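Report on one structure; see the data block that follows.
Coordinate-derived values only; no laboratory data. This is a predicted model, so every value here is computed, not measured. Every residue, glycine among them, receives a Cβ derived from its backbone with ideal geometry; neighbour counts consider all protein chains shown.
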Amino acid sequence: MAAIFGFDADADAEADRIEKTIADRARPEHAVQPTCDLYRSLDPDRRAVATSARRETALANLRVLGLEHPEVLVTGQDVESGKPSPDPYLLAAERIGADPARCVVIEDAPAGIQAGKAAGAHVVALATTHEAAELGHADQVISPEQLEEVFAPLLAA
């Protein structure tokens, strides 16, 4: 059946091919600059990236954005169940030695919001890839331009 639709019968090889295409299309101008600025301002020992992407795609995207490799990177390949399961966020919290209830998840997709909430984290949704109305299950829904205002008190502490 896979051949009928032009897909490789090897699911991992096909996922690698698709993710490589995505990574190859990433450009610095696609960056949501306030998000990149926030990432750079966080203590590297207290931040993690939890993504559904494969490891190579995540690393390629970080390089394109000019962001340093996080100490903790959890990808879809690191967990049994990806988002909307809480597994990626639970593993990320464990790896940075934090109680998930004391973590803030920044998400832009409904499945990620569901995962963060199920992990017990406070979820801030960025209205970038989805309309704010689609992100309503988050604790807060903001525009990227509001990031500094929302996180400034936390960064000052």
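Rounded to the nearest 20, the size of the Cβ-charge dipole of the stretch 45-140 about its Cα centre is 120 debye, with Lys and Arg at +1 and Asp and Glu at -1.
Each peptide in 108-120, 134-146 was scored by the mean count of other Cβ atoms within 10 Å over its residues; highest first, the order is 108-120, 134-146. Rounded to the nearest whole Hz, the Karplus-based 3J(HN,Hα) values (6.51 cos²θ - 1.76 cosθ + 1.60, θ = phi - 60°) of the stretch 143-151 follow the sequence 8, x, 5, 8, 4, 4, 4, 6, 9, with x at glycine and proline. Inter-part distance, the stretch 106-157 to the stretch 35-89, computed on C-alpha centroids, equals 16 Å. Placing unit charges on the Cβ atoms of the charged side chains and taking the dipole of the stretch 32-156 about its Cα centre, the candidate lying farthest along the positive direction among V124, V141, L62 is L62. For A50, the residues 5 or more places off, or on other chains, whose built amide H falls under 5 Å of its own are V74.
May I ask you to derive the FRET efficiency for E149 and A98 from their Cβ-Cβ distance with R0 = 30 Å, giving the value to the nearest 0.05? Display every interim value, and only then the final one.
Numbers: r = 24 Å, r/R0 = 0.79.
Given R0 = 30 Å and the Cβ-Cβ separation, E is 0.80.
Candidates A50, G112, C36 compared by Cα position along the dipole of the stretch 32-156: farthest toward the positive end lies A50, with charges placed on Cβ. Under 5 Å from the amide H of V123 lie the amide H atoms of V105, D139, Q140, each residue being 5 or more positions distant or on a separate chain, with H modelled from the backbone and absent for Pro and chain starts.
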